[in-house]
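So the structure is just underneath, and the comments pick up after that.
The values are calculated or read from the model by the stated rules, or taken from the named source; none is laboratory data. Every value quoted in this text rests on a predicted model; they were computed, and no experiment measured them. Backbone-built Cβ (ideal geometry, glycine too); neighbour counts: all protein chains shown.
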Amino acid sequence: MHPEARYVNGTNKMSHFLFAYFNDNTTEGQQVCYAVSDDGVHFTPLNDGRPVIASDTISRSGGVRDPHILRGAGGWFYQVLTDMDMSKGKWTCRGIVMLRSRDLVHWQHHAVHFPERYAGKPFAEADAVWAPQTIYDPSAGKLMVYFSLHSAQDGPFPQDAVFYAYANGDFSDLEGDPQPLFKYRHPTIDTDIVQDEQGLYHLFFNTWGGPNGLQRRQYEFRDLHDQASWTLVDGHQQPTSLASEGSTCYQLLDGTWMLSYDCHKDGIYQFCRTDDFRHYELVDETKTEGNYTPRHGSIIQITEEEYLRLKEAYGTSR
């Protein structure tokens with residue numbers, strides 16, 4: 001397992017949580033915001049709910065969405081974002097933004113614009129490069145960035161499908177051409193992968209087009225690249241029927257796991273606890289209002305030192 005250790009030896013034991021998210025579909029609302037928590041469920045926004053990373057300083061489109069943060073090796077944090085301003089149209093998402101940091105405050109950034117990066121190849125025709133995330137792939141010894149691709153109906157990706165590519169050494173670009181991560185009979189977006197202590201991967205994704213409409217489904221497996229060995233878990237991994245998107249699954253300090261997601265049409269974020277990745281208990285519905293209106297983000301554990309650094313940099317709001 002990659003040394004993104006959930007617990008740090010000595011005094012730097014994990015003690016708090018960081019939530020990175022965006023706010024809404026306006027240009028001003030598509031920027032990176034932070035909130036912090038002691039329990040991984042109830043969060044307080046930093047910087048009075050204002051952005052901590054301005055989109056126009058890092059993106060090609062002027063907007064970013066769906067921030068995903070990964071704790072990596074060597075003291076690095078990695079973040080990937082959808083490079084998109086929804087106010088310019090749904091099918092104007094032409095790439096991703098890749099960032100890395102040692103302190104969660106100062107970030108190196110690079111935009112990967114698919115029409116340029118993959119000029120002359122099918123990937124240059126993508127009009128939606130949705131919701132990138134990163135995980136360490138032990139078989140390659142590299143960070144793997146995965147995302148959904150979509151194109152016009154007469155293009156190479158008429159149905160949203162999940163692809164991956166490896167990040168280069170300084171997390172400034174993607175190596176080689178994207179490859180399919182998995183195939184599903186209906187469109188697939190918003191993929192989130194975590195690995196438990198037994199080495200079992202749990203992959204959550206959103207799909208639609210079947211008899212039950214929009215669904216959150218789940219695969220389990222031990223090999224990231226052998227879908228024939230994957231198991232599709234029965235049922236819809238959500239205890240309510242609300243339309244939702246953008247899963248983030250993370251471990252709580254007591255060892256159980258939390259699955260949270262964005263029910264944007266109803267103005268709430270749901271938090272569901274599980275200890276077996278089969279049964280999901282709704283433990284909180286956070287109403288998105290005031291200076292805290294989170295949309296599709298990610299949540300990680302952080303240490304006391306990291307928590308205090310963030311508070312010093314941005315302050316909290318009440």
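Can you confirm whether the stretch 104-113 contains a residue that is at pLDDT 95 or above and farther than 24 Å from residue 33 by Cα?
no
Mind listing just one residue for me: the one in the stretch 162-212 that is of a type in the set (Asp, Glu) and out of contact with any Asp or Glu (no Cβ under 9 Å at 6 or more places or on another chain) and, of those, surrounded by the fewest Cβ atoms within 10 Å (Cβ to Cβ)?
This residue is 197.
Tell me, which strands (runs of 3 or more DSSP E) lie completely within the stretch 147-200 with 2 or more residues that are touching a Ser or Thr at 6+ places or on another chain (Cβ under 9 Å) and either farther than 21 Å from residue 260 by Cα or of a type in the set (Gly, Ala, Ser) (or both)?
161-167, 174-182
Surrounded by 14 or more Cβ atoms within 10 Å (Cβ to Cβ) and over 20 Å from the mean Cα position of the chain (by Cα): which single residue out of 275, 254, 266 fits that description?
That would be 266, the only listed residue that is surrounded by 14 or more Cβ atoms within 10 Å (Cβ to Cβ) and over 20 Å from the mean Cα position of the chain (by Cα).
Here's a check for you: in the stretch 246-279, which residue that is touching a Gly at 6+ places or on another chain (Cβ under 9 Å) and assigned to a loop (DSSP other than H, G, I, E, B) is nearest to residue 66 (Cα to Cα)?
252
Cβ-Cβ under 9 Å, sequence separation 6+ or interchain: first residue in the stretch 117-129 and in contact (Cβ under 8 Å) with a residue 12 or more places away in the chain, partner charged (D, E, K, R) and surrounded by 16 or more Cβ atoms within 10 Å (Cβ to Cβ). Which pairs?
Qualifying pairs under 9 Å: 118/125; 123/117; 126/94; 127/94; 128/94; 128/160; 129/83; 129/94.
Looking at (1) under 20 Å from residue 46 (Cα atoms); (2) at pLDDT below 95, can you tell me which one residue 264 breaks?
So residue 264 meets the others, but not (1).
Within the stretch 91-110, how many residues are surrounded by fewer than 21 Cβ atoms within 10 Å (Cβ to Cβ) and of a type in the set (A, V, I, L, M, F, W, C)?
Result for the stretch 91-110: 3.
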